[in-house]
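Structure record follows, encoded as structure tokens.
Every read-out reported here was derived from the displayed coordinates using simple, explicitly stated rules and does not represent laboratory data. Predicted model only: the values in this text are computed from it and were never measured. Virtual Cβ from ideal backbone geometry, glycine too; neighbours counted across all protein chains shown.
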Amino acid sequence: MSKSKPILTSSLGRKLVMSLTGLFLCSFLVIHLIGNFQLFANDEGYAFNNYAYFMTHFAPIKVVSYLLYASIVIHAVYALILTIQNKKARPVQYNQYDGKSNSAWNSRNMGILGTVLLVFIATHMQNFWWKYHNDQVPYIEYTKDLNTGTITSRELSASEFTDYLVTTDNGQEVTKARDLYKQVDFTFQNVGLVILYVVAMFALAFHLIHGFQSAFQTVGFNHRRYIGIIRFIGVWVFGVLIPIGFAAMPLYFYFIK
Amino acid sequence: MSGQMNLTLKVWRQKKENQKGQFVTYKANNISDDMSFLEMLDVVNEEITRKGEDPIYFDHDCREGICGMCSLVINGRPHGPKYGTTTCQLHMRSFHDGQTIVIEPWRAAAFPVLKDLAVDRTAFDRIQQAGGYVNVNTGGVPDANTIPIPKRIADEAFESATCIGCGACVAACKNASAMLFVSAKVSQFALLPQGQTERYERAQAMVDQMDAEGFGNCTNTGACEAECPVGIKLTNIARLNREYFTAKLFRQEDIHN
């Protein structure tokens with residue numbers, strides 16, 4: 001008698017890991033996009049900077065963020081393991097291989113698209129996450145009139161800033177915060193980064209047009225009644241709306257702000 | 001009166017397993033467009049034999065599209081340029097006069113080349129032996145149709161059972177994955193009452209054997225479904241995933257040797 005191999009050493013088990021981490025990353029994209037839409041608010045970054053503080057200091061969000069970092073790493077590592085196995089499975093290549101007549105380009109090049117995204121994620125985290133966590137962003141003070149709702153702001157020097165602080169006095173709410181909004185504005189004046197961000201969103205679109213529905217297929221969910229809606233969400237939400245929403249941010253700061 | 005055509009063939013020639021092979025160019029003259037692809041190769045082989053050379057070795061048997069013995073990657077596509085057909089059912093009218101046709105064997109680590117265009121597909125047999133069977137009681141012959149099976153379930157099982165085990169799915173897949181084959185074999189039994197006894201052991205044993213044979217991992221490109229001569233559907237792969245994960249995560253059982 002022999003026992004079946006442990007699930008994580010099997011091809012299907014590893015693909016399950018790819019599928020679940022991938023879907024988790026998809027769910028993150030939705031939250032990330034909705035939150036970042038505050039960049040378009042015409043309030044000198046008041047909403048966005050408060051949101052940035054909340055997202056980096058609220059304990060449950062922090063737990064989820066570590067899950068997220070782990071998911072990115074696991075998704076990439078497992079992709080590498082599976083790709084190496086796949087290369088080994090065909091040691092002699094075809095002289096002619098007509099892939100386009102039986103499958104979509106993006107479905108055959110998920111690794112290339114994923115590598116572009118990995119480079120993008122590293123750059124993106126250096127641009128904002130690293131700078132925010134290492135005190136390399138400017139500081140700002142907002143004064144909000146609680147009766148009229150008008151917001152005025154002034155830049156703070158490093159010596160004037162101690163920590164994120166909200167005080168209310170005499171109908172005036174004063175907020176001192178790290179100005180990630182300004183950092184975003186500053187970063188997206190760099191045309192090279194704007195191009196990288198937009199190209200990466202194209203890669204994201206093609207990665208998810210295949211990846212979203214592929215993840216459902218891998219967990220075994222391919223039901224005639226629901227596959228249509230899954231494909232629709234994969235293409236139109238994750239392949240079109242979300243990448244356009246993200247790409248709009250660097251373009252907005254470069255061309256309009 | 002059918003047309004005659006002259007073709008140039010680039011054929012993979014390899015003396016035996018583990019030896020280096022190379023492409024050799026042959027002329028195929030006065031080919032009728034009513035011939036099947038294999039008949040065309042027969043004509044070329046007669047010419048080669050007359051010259052006293054070793055004829056091109058290729059697999060074939062029934063020449064009716066039902067045995068799954070013929071193979072060949074023709075101009076980068078398993079079973080040639082038509083969908084839903086085997087090489088023996090491919091006719092020369094699918095080509096045109098003066099065309100160059102590149103003919104290669106299935107390429108996969110699990111399908112080593114035996115000679116020229118013939119590959120060793122016993123990996124499929126071993127996967128079948130690992131779990132693609134049902135146990136039956138000895139004794140009197142049971143009445144046909146004593147077990148009620150809904151028509152739709154029976155139809156679906158029959159659809160899966162049409163797999164002829166030719167290996168085109170492996171040949172078409174960029175990862176040389178055997179998932180379509182294994183999923184068809186698992187599905188036909190998983191759907192029917194007769195297959196329930198070994199249901200979950202079967203999924204585990206066949207996936208284990210598939211991995212052990214060195215096939216690649218499925219990335220859901222759909223190339224297998226597109227190239228399958230008998231139209232096995234990707235829904236089978238989703239079903240295999242369900243069977244396997246259900247077995248592993250909820251019904252872990254030992255496997256019989």
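Summary of computed values
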quantity	calculated
0 to 90° range, to nearest 10: angle between helix B:122-131 axis and chain B longest Cα axis	10
222 nm mean residue ellipticity, helices alone, for the protein assembly as shown (DSSP H n ≥ 4; -39,500 (n - 2.57); rounded to 500)	-14000 deg cm²/dmol
Of A:15/B:248; A:100/B:174; A:3/A:87, pairs whose Cα-Cα distance is over 20 Å	A:3/A:87
In degrees, nearest ten, helix B:179-190 long axis to first principal axis of chain B (Cα)	40
Cβ-based net charge around residue A:166, under 13 Å, with every Lys or Arg adding one and every Asp or Glu removing one	-2
Angle between chain B longest axis and helix B:37-50 axis [Cα atoms, degrees, rounded to 10]	50
Label-point separation, residue A:77 to residue B:57 (7 Å along Cα→Cβ), nm	4.5
37 °C / 0.692 mPa s Stokes-Einstein diffusion coefficient of the protein assembly as shown, Kirkwood radius on C-alpha pairs, µm²/s	123
Rel. contact order, % - alpha carbon contacts under 8 angstrom, at least six apart, region B:121-250	34
Of the DSSP H helices in chain A, those whose Cα atoms cover at least 27 Å axially and whose Kyte score averages 0.0 or more	A:11-36, A:59-88, A:191-218
Note, ³J(HN,Hα) from phi for region B:166-172, Karplus 6.51, -1.76, 1.60, rounded to Hz, x at Gly and Pro	6, x, 4, 4, 5, 5, 7
Cross-link partners of residue B:82 among aspartates and glutamates (Cα-Cα below 12 Å; sequence separation of 8 or more within a chain)	B:227
Highest-MSF residue in chain A out of A:132, A:97, A:142 [GNM, Cα springs under 10 Å]	A:97
Most fluctuating residue given options B:192, B:90, B:72, as computed from a GNM of chain B linking Cα atoms under 10 Å	B:192
Theoretical FRET efficiency, 1/(1+(r/R0)^6), r = Cβ-Cβ of residue B:47 and residue B:93, R0 30 Å, to 0.05	0.90
Compactness of region A:35-94, expressed as Rg and Dmax over alpha-carbon positions, Å	20.1, 60
Ranked list, fewest to most other Cβ atoms within 10 Å of each Cβ, for A:32, A:207, A:223	A:223, A:32, A:207
Equivalent ellipsoid semi-axes, region A:103-172, via Cα gyration tensor eigenvalues times 5, rooted, Å	43, 17, 8
For A:12, B:38, order by how many other beta-carbon atoms lie within 10 Å, fewest first	B:38, A:12
Computed label-point distance, nm, for sites residue B:66 and residue A:241 using a 7 Å Cα→Cβ extension	5.1
Separation between Cα centres of region B:118-171 and region B:29-84, rounded to whole Å	28
Test item: B:236-244 mean partner chain Cβ contacts at 10 Å	5
Rule-of-thumb Rg ratio for chain A [Cα; 2.2 N^0.38 Å; N residues]	1.23
Length added when fully stretched, residue A:173-residue A:56, from 0.36 nm per residue minus Cα-Cα	40.0 nm
Candidates B:140, B:167, B:132: whichever shows maximal mean-square fluctuation once chain B is modelled as a Gaussian network with Cα springs under 10 Å	B:140
Region B:4-114 - Rg and Dmax from Cα coordinates, angstrom	13.5, 39
Relative contact order (percent, whole number), chain B, Cα cutoff 8 Å, 6+ residue spacing	19
Exposure proxy ranking, count of Cβ atoms within 10 Å, fewest first, for B:12, A:129	A:129, B:12
Spatially proximal aspartates and glutamates relative to residue A:5 (Cα-Cα < 13 Å; intrachain offsets below 8 disregarded)	B:201, B:208, B:211, B:253, B:254
FRET E, pair residue B:29, residue A:87, Förster distance 51 Å, beta-carbon r, rounded to 0.05	0.80
